[in-house]
Each structure stands twice: as C-alpha cells, then as structure tokens.
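Down below is the structure, laid out as structure tokens.
Each reported figure results from applying straightforward, stated rules to the coordinates on display, with no laboratory input. Because the structure is predicted, anything quoted here is derived from the model rather than measured. Cβ placement follows ideal geometry from the backbone for every residue including glycine, while neighbour counts extend to all protein chains displayed.
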Amino acid sequence: MSEQTKTICPYCGVGCGIAVTEDMRFAPWGDAPVNNGRICIKGGAAMEVVEHEDRLKTPQIRGEDGELHEATWDEAYDRVVSEMERIRDEHGPDAVGFFGCSKSMNEENYLLQKLARRYGTNNVDNCTRMCHASTVYALRRSLGAGAMTNSMQDLMESADVLWIQGANPAEQHPIANSVYFRQAVLDGATVIQVDPHANKTTRSFDIEGTERHQHLQVEPGTDIPLLNVVIKTVLENDWVDEEFVAERTDGIEDLAETLEDFDKEAAAETCGVPLEDIERAAEAYATAENAAIFTGMGMSQHTCGVDNVQNEINLALITGNLGRPGTGVNPLRGQNNVQGTCDVGAMPNTLPGYQNVEDDELRAAVEEVWGFEVPPEAGLTNVEISRAAGDTIHGLYVMGENPIMSEPDANRVAERLADLEFVVVQDIFPTDTVAYADVVLPATSWAERGGTVANTDRRVQLMRGIDKVYEDTKDDLEILAEIGTRLFGDGTFDFDGPEAVFEELRQVCPIYYGMTYELLGTEGLHWPCLELGDEGDPYLYESAFTTPDGLGHIEGVRHQPPKEVPDEEYPLILTTARLIEHYNTGTMSRRSPTLNRQHPENFVDVHPKDAERYDIADGETVTLRSRRGEIEVQVQVTDDIKEGTVWTTPHFAASSANRLTNDVLDERAKIPEYKAAAVAIEPS
Ligand code: SF4
C-alpha cells in the first residue's frame, strides 16, 4: 500500500479519482483521468462515512426474542446457508430474490448474480432498474448498446449544443456540469434545458458573456409531445440529414406517419411551453454542427420511459447526430458503478455483457465457463420481487440496497417485506431494511476494498483499498464467495480476490474481454474492449450501429399521460429529485456531518399561487398526501416550480417522497413512475 491510495469517489457516476491517505483522510489526486483533482462537496466528504461509529461491525442474527444479536461469521454463514437451502427445498429456487447494488463493484455484483444463477434462479436485479432501465432498453433496442454513446471529454471538446432533458447535472453530476459542460458553454456551446423545475443546472449556465441558455419549463410527463414538436419542426424545415437517414437508419416513414396530423400548437399547450420557444430550440439543435442529448431520470422514470428515450433517439437519428464526437444520446447515470452493475449481468434478463439469458446459444457459452446450468427464463425485476414478497417470494438477499426507502410506495414494500420468511442484509450501515433482516452481514466500505467500477461514460476504472477499519467486517466479495462455497462446495466460488473474479468475468462478458487490471492502469478504458490491446471507444457507432441489422431504429411515439393525474381529491402533481448534498436513501450521506449540515431536513417546493390557494406559508410544515401515504415536510415557496406541481426528495426516512410515489411500471423496462403522482397538500 502506498502512502496515498488512488481510488474512485464512491458517490455519483462521474467517477472522479480521489486519493485516501493511510491515516484515513481524503487527499486530492491531481492528475486523475476524469476530474484532474477537482471534486464536489460530496466527494470531499466521502471519508466521513468510513470510520463512522454507526458502521456495522459484527454479524448479527435475529433470535427467537425477535431481536438482532451479535454472532460469529460462522454462525451467520450457517444461518444464511441453512435458510437458503430450506427455502429452495420447500418452495424452489425462484422463491428467493437477490438485490445487487451500484454502490458495489463489478466483481461483487458479478459474484452476486452468479450466486443467484447457481442457486437456480434469475431473480436478480439491482438499483439501476429504478433509474435508467427504460433508457438502457431503448438504447439497446434502437442503437445497440445500453449506455452513453459518447464520453464527457469529447462532448466538452466538440458539442455545439447540449440538449439536457430531465437531468439536473449541477446537483447529480457536479463535476461533469462544472467542468465539462461549463467549459463547452464558455467555448460557445448552447444549452437547451428541458425540465419542469428551474434548478441549480438552470442557474449554472447563467454565465456572464454567454447568452445561449434556454430553459423549456415543461409540465411533468409531457416530454413526448415536446419532442414531437421539435421533430415535426425538423421535418417541416428540411433539417433532416437525408444521407445519414438513408444509409444508417430505418423507420423514418413510421415517424412521419405518426406526426402527420400532429398539432404543434395543441402539443405546446399540453407541455405548458410557448410554441415559438420550442421551435427556437429545435432550430438550435438541428442546425448545429454537433449536437448532444443528455437524458436523466426525469425522462426514464415514467410508465412511458422507453418511449421518452426513443423520441430522443429519433431526434438524434434524423439529424445525424450520432457516431462522432460531440453528439449522441447520453444518459447521465447516478451512482459510482451504475453502468457496471448492468454490464456484469446483475439483471434478471441478461447475463454479463447484456447477453439475453433466454438465448440458448449465448447462455450455453456462459454455462461452459461456469460449469453449471443457468435457468432459461428471465427472472423478476426489483419491484416485481418486492410485490411478490410473502406470496411466491419467501427469501431476499439484499447487498447494499435499501428497498424500504428506495422503492416506490414504500409503505407497501415494508408490509410485504415483513411477510418474508428470511431476509439477509449485507451492508456497511444499519439501513432501514435491517429492521426486516434475519441475518445482518457487516461489509467493508468503499475505501477498504479493491475492484473495478464503470462510470457514466463507460469508463472502467480500478478502485484500490486501504486497510480495514473494523476488524470483524468483510469485503462483499469474500462474503459472497464463502456463501457460494458453503452452499455448493464445487469450486465455482473459489476465488483469490477481485482480480481473479475479473479474470473470469472477462471470459463471459465480451465487452470487457480486452481489459485486465494491468491494462486498466490508472486511466481506465471505455468499453467495448473486445480484444486484448483494444484502446476502447470514447464514442460509439462511427461506422455502424450494433443492432442486429446495423441500423439505427426510428419509431414514432405518441403522448401518454402519467398513470395518475390530478383530480379533485389529489389536485397537484408530485415530482421527485435529488440534492447534491445527499445520495439516494441517505444511508451514507445523512451520516456525513458536512453533507447533512447543508440539508438536515426534507422540504417541498410549492409555487406561490398554490401556496396562496392552499393557505400555506414559506417555512411552514405541511402534510403531503397521496393515495399511498403521507409525509410532513417544510415548505419552500418558490416560482422555480410550475403552478400545480410540487417537488420533494427521497433522502429522508420519515419524510421520503417514496411513501407517496406510485409503483406502476413501464411495461417493457419495468421502471416505476417516480416522476408523477397525484397529491394533496394542507397545513399540518
Ligand atoms: Fe464524487 Fe460525483 Fe462529486 Fe465527482 S462529481 S466528486 S464522482 S460525487
């Protein structure tokens, strides 16, 4: 171990390099490849959770008295193994669900999904189901790969227009926004932001000397009609890249037909945005030399999430904005390893490398390396597993996730988890889900482990660990390998550390095949790396898409309102978002004094006219109520939000937005509609 260990920030998907000293302090990593030593408040405070006194320090088992009691690792392993065997004997392997997590590394998620499949089920999923499942679905189907098409570096250097829809990078990808996007704007790029909320990102582009920022403040859930106005404007003005469309795409006829009778004025009214503003944005995008789309959870977390992203793909394809630097459709992904968790197959429908588990040939190739058979049918997704808890699901293995807070309709999730026969929670802190656990396994934290993570632009990087802080904790990898060995005893979980796991991963994950720890070095590599020595691809699809026929797929889509719309009883639309100072369910960030001090409590943004209508004042505590629950939060009266819409966060346990959100799913990608629920508001 060196005096300073270079690793990767544990928080967002930007993947900034940071260093950790032997005495447990944060240190800058000056020439880190993504951020060159610059960090945001969250990265700077990341060490605060490593030595935190709340850390889980020893295994625990729930006794007959209903309480959790300290146990040895042997006792904990025995309980996990005997209960998993019992459930399999009594109900079959599909009676257990496995939750992976994007806070864990590639090797750990790889081993978790292998454990599930060796156990006999494909019921393994991870938290990316909740954020970008629809994006991944649409991108894979229509372009070939479920990931950012370009890299932050080439976008900064080459994009003339940044079209940011349903994303708030100033809060969620701070270094991407403040370094890459800001530099692009200073160099002359125009920003078009589409969001129901005026937020930090809106203000971050009010840069003196630049006047090229346009904010289209849409009604929540109206992204399809807005993009249809843009696309129809492109078609009407002959801004289509005819050569690109003819040579590299199919489906433009379907798009033209969908929009034949489309009424732009009526659509603009539905969106709540003046038609001329949308047309101006369309012209800026379509006439730019290079225009890039950034998409976030404001697009993906809808029952029409796949179609939302498809319409962004449509826009990029008809204008030829794919396949070169400064272009593309680029999902900004939220967690440290949010791309990698999917890459390595912690999903119910795909094996490592996005290989369809139901494809006999692909499955057989993986089975040959693993030495056992994989179930031939896709398993259940996160929300489906939670919904089936107590019914067909009897056991749950939770690694690094906190479903009690992270899933929509959280009150129901808690009721269902209480009905399970057996729950394992493997984490670094006593999450809210620990209340339902029968066995708690204390893991080492991000700073104490080594392995790889893939950031939002497909860059796979090495994390390196310092010495353990709490002696009786274990790495996720070691825990999973031991459980696999005790369950199966056939050598399929016999690994000597993360590099050995990565070596096996390479064999079953074609997009990672050309990587080794040595080749990753300190710079990392952008997948795909198909052969040893490949330098990786900072941008995809230069000569062809990676769809089966090599074409980019255009498909017209029509407006689909959210499943819940305002009515007399619930007259407002709730939309949700996150803050820079907090991270998902707050397991880590609420324990960080620096971060928690900035926002110790939840709040709700309310428009001044709604405040007047419901007789509530700035700073007052109100009750927000949906058909699924209620929370008490402090009001911020602000015209940042549109009249008729309120906005709050999921970070705080008692007042989490997810006590209100709707668990209705996009039918194809199975992502919940976090971004639109009908609510009522009243003084508490
Ligand atoms: Fe960490 Fe993201 Fe901040 Fe970078 S931008 S320091 S990765 S939280």
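Pairs from the list 42/642; 200/675; 6/114; 103/670; 42/670 with a Cα-Cα gap above 24 Å: 42/642; 6/114; 42/670. Relative to the Cα centre, the charge distribution of the chain, modelled as +1 at Lys and Arg Cβ and -1 at Asp and Glu Cβ, gives a dipole magnitude of about 1120 debye. Working note: Debye formula, equal point scatterers on the alpha-carbon atoms of the stretch 572-683, no solvent; log10 I(q)/I(0) at q = 0.21, 0.22, 0.23 Å⁻¹ is -1.13, -1.20, -1.27. Treating each Cα of the stretch 133-331 as an identical point scatterer and summing with the Debye formula, the log10 of I(q)/I(0) at q = 0.15 Å⁻¹ comes to -0.86. Between 649, 606, 633, the Cα set farthest toward the positive side of the dipole of the stretch 572-683 (charges on each charged residue's Cβ, about the Cα centre) is that of 649. Determine the distance separating the Cα centre of the stretch 104-170 from the Cα centre of the stretch 52-87; give it in Å without decimals. Going from one Cα centre to the other spans 33 Å. Once the gyration tensor of the Cα atoms in the stretch 46-174 is diagonalised, the equivalent ellipsoid follows with semi-axes of 39, 23, 12 Å, ordered largest first. Equivalent-ellipsoid semi-axes for the stretch 412-473 (Cα gyration tensor, √(5λ), whole Å, largest first): 29, 18, 8. Relative contact order, whole percent, for the stretch 572-683 stands at 37, derived from Cα pairs under 8 Å and 6 or more residues apart. Cα centroid separation, the stretch 566-644 to the stretch 465-521: 41 Å. Computed 3J(HN,Hα) for the stretch 113-119, one whole-Hz value per residue from the Karplus formula 6.51 cos²θ - 1.76 cosθ + 1.60 where θ = phi - 60°, is 5, 5, 4, 4, 6, 5, 5, glycine and proline marked x. Each Cα pair under 8 Å and six or more residues apart adds its separation to the average, and for the chain the resulting relative contact order is 20 percent. The GluC sites (Glu not before Pro) of the stretch 189-267 that meet both conditions, a loop assignment by DSSP and at most 10 other Cβ atoms within 10 Å of the site Cβ, are 208, 211, 260.
Please list log₁₀ I(q)/I(0) at q = 0.09, 0.11, 0.16 Å⁻¹ for the stretch 466-601, using the Debye equation with identical point scatterers on the alpha-carbon positions. Listed by q, the Debye log ratios stand at -0.65, -0.91, -1.08. For the stretch 446-458, putting each phi into the Karplus relation 6.51 cos²θ - 1.76 cosθ + 1.60 with θ = phi - 60° gives couplings of 3, 7, 9, 10, x, x, 10, 9, 10, 8, 5, 9, 6 Hz, in residue order, rounded to whole numbers and with x for Gly and Pro. Net charge dipole, the stretch 498-584: roughly 240 debye, given to the nearest 20, about the Cα centre with Cβ charges of +1 for Lys and Arg and -1 for Asp and Glu. DSSP assigns beta bridges within the stretch 572-650; of those with both partners inside it, close to 45 percent run antiparallel. Distances between every pair of Cα atoms in the chain, grouped in 10 Å steps from 0 to the bin holding the largest one, split as 3, 16, 27, 28, 18, 7, 1, 0 percent. The stretch 4-49 has equivalent-ellipsoid semi-axes of 15, 12, 8 Å, by the square roots of 5 times the alpha carbon gyration tensor eigenvalues, sorted largest first.
Run down the lysines and flag those whose C-alpha is under 23 Å from the C-alpha of residue 232, throwing out any fewer than 8 positions away in its chain. Result set, ordered by chain and number: 264. For the stretch 419-505, GluC sites (Glu not before Pro) meeting the loop criterion (DSSP other than H, G, I, E, B) and having at most 14 other Cβ atoms within 10 Å: 471. Across the stretch 313-329, computed HN-Hα scalar couplings (Karplus, 6.51 cos²θ - 1.76 cosθ + 1.60, θ = phi - 60°) run 4, 4, 4, 5, 5, 6, 9, x, 9, 8, x, 8, x, x, 10, x, 10 Hz from first to last residue, x flagging Gly and Pro.
Entry note, the stretch 4-49: relative contact order of 34 percent, from Cα contacts under 8 Å with a spacing of 6+ residues. Of all the C-alpha pairs in the stretch 430-532, what % are more than 18 Å from each other? Above the 18 Å cut-off, the stretch 430-532 has 58 percent of its Cα pairs. For residue 193, nonlocal amide neighbours, meaning residues 5 or more places apart or on other chains whose placed amide H falls under 5 Å from its own, are 164, 214, 215, 216.
Only Lys, Arg, Asp and Glu carry charge here, each on its Cβ (+1 for the first two, -1 for the last two); on that basis the stretch 4-49 has a dipole of about 160 debye about its Cα centre. Radius of gyration over Kirkwood radius for the stretch 221-303, both on Cα atoms: the Rg/Rh ratio is 0.96. Between the amide H of residue 8 and those of 18, 464, distances stay under 5 Å, these residues lying 5 or more places away or on another chain, with hydrogens modeled in the peptide plane.
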